1. Among the residues of region 278-306, count how many are of a type in the set (Gly, Ala, Ser), touching a Phe, Trp or Tyr at 6+ places or on another chain (Cβ under 9 Å) and over 25 Å from GLU51 (Cα atoms).
2. Just the residues that are touching a Cys at 6+ places or on another chain (Cβ under 8 Å) and β-branched (Val, Ile, Thr), please, taken from region 31-86.
3. Output the residue which, of all residues in region 54-68 that are of a type in the set (A, V, I, L, M) and surrounded by fewer than 19 Cβ atoms within 10 Å (Cβ to Cβ), is farthest from THR225 (Cα to Cα).
4. Taking the conditions exactly as written (of a type outside the set (Gly, Ala, Ser) and closer than 26 Å to SER244 by Cα), does THR317 satisfy them or not?
5. If I ask for residues that are β-branched (Val, Ile, Thr), buried (at least 17 other Cβ atoms within 10 Å of the Cβ) and under 24 Å from TYR293 (Cα atoms), which ones from region 329-375 would you list?
6. Quick one: in region 69-98, which of the residues that are small (Gly, Ala, Ser) and farther than 14 Å from GLY320 by Cβ is surrounded by the most Cβ atoms within 10 Å (Cβ to Cβ)?
7. Kindly evaluate GLY212 against the criterion of being within 24 Å of the chain's Cα centre (by Cα) and under 24 Å from THR319 (Cβ atoms).
8. Of all the residues that make up region 192-234, how many are surrounded by fewer than 14 Cβ atoms within 10 Å (Cβ to Cβ) and either aliphatic (A, V, I, L, M) or outside the structural domain of PHE22 (by TED's automatic domain parsing) (or both)?
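The values are calculated or read from the model by the stated rules, or taken from the named source; none is laboratory data. Small disclaimer: the values here were computed from a predicted structure and weren't measured. Note that each Cβ is placed from the backbone with ideal geometry, even for glycine, and that neighbours are counted across all protein chains shown.
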Amino acid sequence: MRMRKSAASTPARSAPGVIAVFTGADMAAEKIGVLPCSWQVKNKDGTPIAEPPHPVLAISKVRHVGDPVAVLVAETKPQARDAAERIASEWEVLPALASMEAALDAGAPLVHDEVPGNLCYDWHLGDEGAVDAAFAKACKVARLELFNNPLIPNAMEPRCAVGDYDAATGDYTLWTTSQNPHVIRLLKGAFVLNVPEHTLCVFAADVGGGFGSKIYHNAEEAIVTWAAGKLKRPVKWTADRTESFRSDMPGRDHVTQAKLALDDQGRFLALRVRTLANMGAYLSSFAPCVPPYLSATLLAGVYTTPAIYAELKAVFTNTGPVDAYRGAGRPEATLLLKRLVDIAAHEMGMDRVEIRRRNFIPKDACPYQTPAALQ
């Protein structure tokens, strides 16, 4: 949706207990940076990925449910909730893309005007010629189409952030339920607040459940730190359950087509995998690296597959950003292989255990170099 009118309104500012209301325009006016992506991937032709800016607060366009447009600071949480209901905006509803297939269609609306075709990157790994040759002489081919659905975090302990500012020293302090406080400190100082790293102190004490869902730099961490500096007093945010579902980043969301070529003895000859990986509306801290480097490089598994070729397209849609969660890429590769090998056993009329034994990497071959980059 496109914002026609500022999200901050007079009724909210004058509500009981309200200290301040800030919008994306306020942050932009103070040269606050965008939330950065800390991993890069290159396209097949060596060009860099498309990385559109990810503002801490949306300024003119909201691209997914949960994309924040304003921050309201009040004396108490109930006062903040009541005042937030008085924030009024005018919106123009734009076409939305919920699926990767729709986002890649010719003529589809763009999630970001500067990203043609909604394609974040087009990446590959392996020897395509060797794979084509192996499939040409295959006795059987096992095929699989797999939808690895988004996996939503749901920790009993929601994310929380408290920002503080020392006017005497100019130093900021953030207490956050983070699994990676050092990365938060680096990214927030260098790319968002644009302050020297030595003026930032980040504490992560009782983190609670995480499994990756508390490892990225989230907008709320930047907001409470910046707001504390503006107001010269501590600012706290704690997610409720609904906010967690809207703002905690899921993992997965892949659509994959895979083929496994076999000889007449049930031995693997080659594996070809094509995947669409959803990035959501923006790139989160580690999102781009998960499908290629943490999943595609594991497609050999424990098998002596001589040739592997993987193609991967990362796509922008009007859904929430994804990132590393619960294994980050490894479960996707493992599920694909387990399902595909079971199908191969059925195609060959073989026992599922026997076809695995026949293709295991032998002990005396280790360390074994796979055709998918990893040993």
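1. Qualifying residue count, region 278-306: 1.
2. Those that are touching a Cys at 6+ places or on another chain (Cβ under 8 Å) and β-branched (Val, Ile, Thr): VAL41, ILE49.
3. VAL65
4. It is true that THR317 is of a type outside the set (Gly, Ala, Ser) and closer than 26 Å to SER244 by Cα.
5. VAL341, THR370
6. Only one residue fits best here, namely ALA83.
7. Spelling it out, GLY212 is indeed within 24 Å of the chain's Cα centre (by Cα) and under 24 Å from THR319 (Cβ atoms).
8. Within region 192-234, residues that are surrounded by fewer than 14 Cβ atoms within 10 Å (Cβ to Cβ) and either aliphatic (A, V, I, L, M) or outside the structural domain of PHE22 (by TED's automatic domain parsing) (or both) number 1.
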